[in-house]
Amino acid sequence: MDAQTIIAWEQEYVLGVYKRPPVVFVRGEGVWLYDSDGNAYLDLVAGIAVNALGYGDPEIPRLMAEQAQRLIHVSNLYHTEPHVRLAKLLCDHSFAHKVFFCNSGAEANEAAIKFARKYARVHHGEGKTTIVAFEGAFHGRTMGALALTPRPHYQDPFRPLMPDVRIAAFNDPAAAREAITDDVCAVIVEPIQGEGGIRPATETFLRTVAEAARQVDALLIFDEVQCGLGRTGYLWAHEHYGITPDIMTVAKPLAGGLPMGATLVTQNVADVMAPGDHATTFGGGAVVSAVAAYVVSRLADQDFLAHVRARGAQLLEGLRRLELPHVVDIRGQGLMIGIEFDRDVTPLVQRSLQYGLILVNAGPQVIRMVPPLIISEEEIAEALRRFRSLVEETFS
């Protein structure tokens, strides 16, 4: 089908919950995407921080085909090898003792909610059910995760939400201490807020949150769905702070673009969960697990992470040297960068394709740059040149 037909059919048959630009992507190579007319775009979105290894990595389709020829699905009622190997790999490279596999970041956070409430019920009885989240957070669109995502335009059409949620100010230690009381079973926080504008937590704030949670035996949940798995130049974003959670949720890049999420837990959390307490039909399927083991091994490599840190420093410093008009802040870690403007950035996102760039926002005034982690020094230099032209010609 030609691009016009594809777009017309989508408007007729696909539920309209996304606003898509009038371009149809047909293939990718490295950090570049190509549309149906053969135009090339330098991708600084990576499928919303999903395509950490870029496009066209030959191992991913090879592993998919190899595993699919053996076994695709038998459900979680039976033992299979790929998800066990992946679980061991994730535990070996993290604080965790056990892993629950699912299909998305929202599902991983739903699992974390249930695990935390079960832990509190087992150890403290009824009544310790409140979950503390923070302003600017994004934890997903399913009903439990939505209640932890304090944005009226996401929440209001779907009220009433899950009860017993308390929202506190982000990066405000005093507000965190006040919110984390004896009725709290868990505190969930992104070490770097993604959708909230690429806002890193301060070390003082995170330490206060962790200490306050420990004092009332509330579980500390780190949502690393967007900031985890190498994005910040360390395998896990919380490594920057030296603070260990009880539960961590991951997803986006985990299976190289295939749908997969995971909830990683310590043994004391795992001990309260029994067969039948939670389940998933497709979580940890053989094909996605085989791919994810390869992806995690690549992302955990210290030379690979050093590359991310170097390219992240290049991008951050390069953006600051541009001295672009209307920029009020540039922040982030590794290859997770936010550029905050004093105005709506929608025109930049809309016009970016004209400059051979793919951009996305993180809130109304922040451009988010989360390119594939394999991006080269030369490609970052080219991205900076194109971004400068885009901003200066749009906001001049």
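Data for the structure
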{"quantity": "Highest average packing first - 152-164, 335-347, Cβ atoms within 10 Å", "calculated": "335-347, 152-164"}
{"quantity": "DSSP-assigned coil residues among trypsin sites (Lys or Arg not before Pro) in region 1-80, each with at most 15 further Cβ atoms within 10 Å", "calculated": "Lys19"}
{"quantity": "Unit charges on C-beta of K, R, D, E only; dipole of region 71-300, Debye", "calculated": "420 debye"}
{"quantity": "³J(HN,Hα) computed for each position of region 222-235 - Karplus, 6.51 cos²θ - 1.76 cosθ + 1.60, integer Hz, glycine/proline x", "calculated": "9, 8, 10, 4, 9, 8, x, 6, x, 4, 8, x, 10, 4"}
{"quantity": "Degrees, to the nearest 10: 286-300 long Cα axis against longest axis of the chain", "calculated": "80 degrees"}
{"quantity": "Along principal axes, Cα extents of region 71-300, largest first, whole Å", "calculated": "50, 38, 36"}
{"quantity": "Selection from Ala383, Gly136, Ala251 lying farthest towards where the dipole of the chain points positive, charges on Cβ", "calculated": "Ala251"}
{"quantity": "Gyration tensor (alpha-carbon) shape descriptor, region 178-320, a/c threshold 1.5", "calculated": "oblate"}
{"quantity": "Helix 81-92 axis, angle to the chain major axis (alpha carbon atoms, nearest 10°)", "calculated": "80 degrees"}
{"quantity": "For region 71-300, with +1 on Lys and Arg beta carbons and -1 on Asp and Glu, the positive-most of Leu90, Ala111, Gly127 along the dipole", "calculated": "Leu90"}
{"quantity": "Stretch gain in nm, segment His278-His79, where the contour uses 0.36 nm per residue and the Cα spacing is subtracted", "calculated": "69.9 nm"}
{"quantity": "About the Cα centre, charge dipole magnitude for region 272-386 (Lys/Arg +1, Asp/Glu -1 at Cβ), debye", "calculated": "160 debye"}
{"quantity": "Loop chymotrypsin sites (Phe, Trp or Tyr not before Pro), region 1-46, which have at most 10 other Cβ atoms in a 10 Å radius of their Cβ (DSSP)", "calculated": "Tyr18"}
{"quantity": "Low-density loop positions, chymotrypsin sites (Phe, Trp or Tyr not before Pro), region 236-301 - DSSP coil, at most 15 other Cβ in 10 Å", "calculated": "Phe282"}
{"quantity": "GNM top mover of Gln193, Gln333, Gln354 - the chain, alpha-carbon springs below 10 Å", "calculated": "Gln354"}
{"quantity": "Region 251-396 shape via C-alpha gyration tensor axes, a/c threshold 1.5", "calculated": "prolate"}
{"quantity": "Neighbour net charge for Leu146 - beta-carbon separation under 11 angstrom, K R +1, D E -1", "calculated": "+1"}
{"quantity": "Label-to-label distance, nm, for residues given as Val23 and Asp271 (7 Å Cα→Cβ offset)", "calculated": "5.4 nm"}
{"quantity": "Relative packing of peptides 315-322, 245-252 - highest average C-beta neighbours within 10 Å first", "calculated": "245-252, 315-322"}
{"quantity": "Interchain or long-range residues, amide H under 5 Å from Arg166's placed H", "calculated": "Ile131, Val132, Ala133"}
{"quantity": "Tally of Lys pairs whose C-alpha atoms are under 23 Å apart, taken over the chain, 8 or more apart or cross-chain", "calculated": "10"}
{"quantity": "Sites Asp182 and His326, calculated FRET efficiency, Cβ-Cβ separation with R0 35 Å, nearest 0.05", "calculated": "0.15"}
{"quantity": "Selection from Thr208, Gln333, Val295, by position along the positive dipole direction of the chain (Cβ)", "calculated": "Thr208"}
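No value in this document is a laboratory result; all are computed from the given coordinates. These numbers come from a predicted model, not from an experiment. When we count neighbours, we look across all protein chains shown, and the Cβ atoms used for this are built from the backbone with ideal geometry, even at glycine.
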